[in-house]
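Single-structure report; data block below.
The values are calculated or read from the model by the stated rules, or taken from the named source; none is laboratory data. Computed from a prediction, not measured in an experiment: that's the story for all the values here. Ideal geometry is used to build each Cβ from the backbone, glycine not excepted, and the neighbour counts take in all protein chains shown.
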Amino acid sequence: MSTNLRLYQAGLYTMNAVVVRVDPSRWDEPSKCAEWTCREVLGHSIWHTRSIAAACGTGEPPAEQPEAEVAGPDPLAAWVDARDRVLVGLDQPGVLQTEAPGPFGPMTIDDRLRLAASDVYTHSWDIGAAVGVDPVLDPGVAAELLPGLTAVGDGLRRPGLMGAEVVLDGAASVVDRYLAFSGRDPRRR
C-alpha cells in the first residue's frame, strides 16, 4: 500500500466517522469552512471522492453542480455510495500508477490521493467541529500531511482553497498546527 493511499483511506474513515454521527437536521448549519454549510462541505468531499472513483473506473465523472446538490437530500447515503465506490476502485491492481486528470493537471492517482487526503481530513474537522461531533483527527496523519502543506505554503491561500494561517502558541499539538496552517482556528470548536 502506498503512503498516499494509506493517508487517503485514513481521511475517508475520519470523514465517515463524522458523517455517520451528524444529526440529519444539522446539515444546513454553517460549517467551519468559510461560507459553506455542512451539506456543502460534504458535497465538495463527495464530488472529489466520486471524481477519484471515476478515475479508477468505478463510476462516471461527476457533473459540475452546486455542492449542496451533490450531497442531496440524504447526505449520509450520498457519502456512503461515494466512499464505497472509491474504495472498490482503489482496490484494483495497478490503479495507483494510472494517470488521470487532477486539480492541477494530469497526475497519477497515487499523487492525487495525497491532495485528496488533506482535503477530506480537513473537511472532517470543518463538519464535526461545526455540529459538535468530535472528528478525532489522528495526530499521525496530521504529522504526515503538514509538511506537504507547508512546502506549498501560501500557494494554497486563495478563495476556495485555504484562508490565512491562524497563529497559535508554540505548545500547540500537531493536529492544531495542521488546522491552523489550513486556515482553521482549532480553538473555536
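Here are the numbers:
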item: Subset of the stretch 151-176 [within 17 Å of the chain's Cα centre (by Cα) and at pLDDT 85 or above]; result: Val175, Asp176
item: For Met1: the one exception among (1) aliphatic (A, V, I, L, M); (2) free of Cβ contacts under 8 Å to residues at least 12 places away in the same chain; (3) part of a helix (DSSP H, G or I); result: (3)
item: Residues located in the stretch 14-40, provided they are within 24 Å of Pro147 (Cα to Cα) and buried (at least 18 other Cβ atoms within 10 Å of the Cβ); result: Thr14, Met15, Lys32, Cys33
item: The stretch 33-56, subset part of a loop (DSSP other than H, G, I, E, B) and in contact with a helix residue (DSSP H, G or I) (Cβ under 6 Å, 6 or more places away or on another chain), residue modelled with the lowest pLDDT; result: Cys33
item: Residue list for the stretch 69-86, restricted to those being buried (at least 19 other Cβ atoms within 10 Å of the Cβ) and among the aliphatic types (A, V, I, L, M); result: Val70, Ala71, Ala78, Ala82, Val86
item: Ser25 being more than 30 Å from Gln97 (Cα to Cα), out of contact with any helix residue (DSSP H, G or I) (no Cβ under 8 Å at 6 or more places or on another chain) and assigned to a helix (DSSP H, G or I); result: yes
item: Residue within the stretch 54-72 that is closer than 20 Å to Gly102 by Cβ and within 13 Å of the chain's Cα centre (by Cα) present; result: no
item: Test: residue in the stretch 58-66 that is at pLDDT 95 or above and surrounded by 15 or more Cβ atoms within 10 Å (Cβ to Cβ); result: no
item: Of all residues in the stretch 41-55 being small (Gly, Ala, Ser) and closer than 22 Å to Met162 by Cα, the one that is surrounded by the fewest Cβ atoms within 10 Å (Cβ to Cβ); result: Ser51
item: Condition broken by Met162, with the remaining ones in (1) in contact with a Ser or Thr (Cβ under 6 Å, 6 or more places away or on another chain); (2) in contact (Cβ under 8 Å) with a residue 40 or more places away in the chain satisfied; result: (2)
